[in-house]
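In what follows, a single structure is set out as structure tokens and then discussed.
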Amino acid sequence: MANQRTIKKRKIRLSPTQIIALVFVGIILLGTLILTLPASSRDGQSAGFLPSLFTATSATCVTGLVMFDTWAQWSGLGQIVILTLIEIGGLGFMSAAAFVIFILRKRVGLKQRMVMAQALNVNDMTGIVRLQKIVLLGSLLIQLTGALILAVYFWPQYGPWNAIRWSVFHSVSAYCNAGFDIFGVLGSGSSLIAFQSDPVVLLTLGTLVVIGGLGFFVWEEVIRLHSWKRFSAYTKVALTMTGILILIGAVGICVLEWNNPETLGNMSWPDKILNGFFQSLTARTAGFDAINQGGLTDGGKMWTSVFMLIGGSSGSTAGGVKTVTMVVLLLFLWSRIRGKGSVCVFKRTVPNNQVLDAMTIVAIVIGLAIFGGLFITATSPIGFTDGLYESISALGTVGLTTGVTTSLSLPAQLLIIIYMYFGRVGILTLSLGFLMGNQAQERYRYAHTNFMIG
């Protein structure tokens, strides 16, 4: 009897990684059930299970791909549900749980600390409670600041009610890199196109996107250390790479789309630069579009796709393979080209196992993206470029689309749902699996052999 009880206990024991994956599924299903209620739809008719599942997954995984215009389809209740899912998905469900624990002044146990660390993608539990408090308080403060700026700006033109609800919804959506908007009242599916000549709206939302995509660990160091010299190599790489990506992304979009009448071509040159920068910001998992994504040139679509794949920094509200992961891969390639066997950055050497982890993540995501593009093209009346764009957008939890989401077949919709979940939870699970797996040593090795490479 004692042995049977021990076996049962072992069966129900879940690792922190499994808890994260399963709780995300539970949150998505709960959101789906509420969104299927007639009260969640503006017309009082149930949206149906699959559209609700698609929307709940997109919101929880902070993606932004939608089958309906958010304002036109969802009632006030539906929009509140979506906003709640975005907040939980962006900050991590453990942040919500930690908020309750802190309010009730309960003690944070070892198991909860482990889940906190893994939910924030941190492999060290030292100071994890303090970091979680910084994440909660900092996130609320940043979102509140963004909402106040937008509310003051919207109030004179759109009135107090629109100013308050628009500012809160879009501040949360931008900070969490979700890309959901309720500007459909100005034009169905318009997103931020109505504000493409408005620097206050674009720069405010763009700033929130960047801050949310930097990562909680980077925040903690910046707040605590206040000095570039004292920052860790990781924080330096994350900050440097973010700045470089914003700049070269904007330059690339401006060069490729400058004379395209469907995107930047008919704008004044200041608006072209503004929208080029915003496209660079939003492509790295935010999902707002101030220019018509379907009107991008093929070069513009591929350029944007590269940035959607990269995404933001680890432990942030952003998706993608992550900035530092890409830096490690690029530095490895540069080292191999020069005949060197180690990867060094800011006078630090990156362990070989982390280099292999970076290569694995990038290879898996690129492979899935190509497969997704081919699958969408094969099952839906969509060209490969647009199908690949949609696939990468889902995997990178971006939410940008060339307008083909509503044309997806049932199998393609299911694939996008899976990709959105994998983009938010799967890549995190892979990364944590690497961290845990590297602790175990291989028990045996085969004899070496040589292959001809190249």
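The values are calculated or read from the model by the stated rules, or taken from the named source; none is laboratory data. If you're wondering where the values come from, they're calculated on a predicted model, not measured in any experiment. Because the Cβ atoms are built from the backbone with ideal geometry, glycine has one as well, and the counts that use them run over all protein chains shown. Each accessible area value is taken on the protein alone, full model and side chains, heavy atoms only, with ligands, DNA and RNA left out. Shrake-Rupley method; radii C 1.70, N 1.55, O 1.52, S 1.80 Å.
Just the residues that are under 16 Å from Gly399 (Cα atoms) and either modelled with pLDDT under 85 or open to solvent by 10 Å² or more (accessible area, probe 1.4 Å) (or both), please, taken from the stretch 185-208.
Within the stretch 185-208, Gly189, Ser190, Ser191, Ile193 meet the criteria.
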Do the conditions hold for Phe371, that is, is it in contact with a Lys or Arg (Cβ under 6 Å, 6 or more places away or on another chain) and surrounded by fewer than 23 Cβ atoms within 10 Å (Cβ to Cβ)? no
Of all residues in the stretch 226-260, which are among the small types (Gly, Ala, Ser) and surrounded by 22 or more Cβ atoms within 10 Å (Cβ to Cβ)? Ala238, Gly249
Given (1) farther than 28 Å from Thr325 by Cα; (2) open to solvent by 40 Å² or more (accessible area, probe 1.4 Å), where does Thr263 come up short, assuming only one miss? (2)
Residue by residue through the stretch 266-287, note down the ones that are surrounded by fewer than 24 Cβ atoms within 10 Å (Cβ to Cβ) and hydroxyl-bearing (Ser, Thr, Tyr). Ser268, Ser280
When you check Val152 against the structure, is it within 23 Å of the chain's Cα centre (by Cα) and of a type in the set (Val, Ile, Thr), yes or no? no
How about the stretch 288-309: which of its residues are closer than 20 Å to Met241 by Cα and surrounded by 24 or more Cβ atoms within 10 Å (Cβ to Cβ)? Thr304, Phe307, Met308
Subset of the stretch 374-416 (residues that are in contact (Cβ under 8 Å) with a residue 60 or more places away in the chain, among the aliphatic types (A, V, I, L, M) and surrounded by 21 or more Cβ atoms within 10 Å (Cβ to Cβ)): Leu388, Ile392, Ala394, Leu395, Val398, Leu400, Ile416
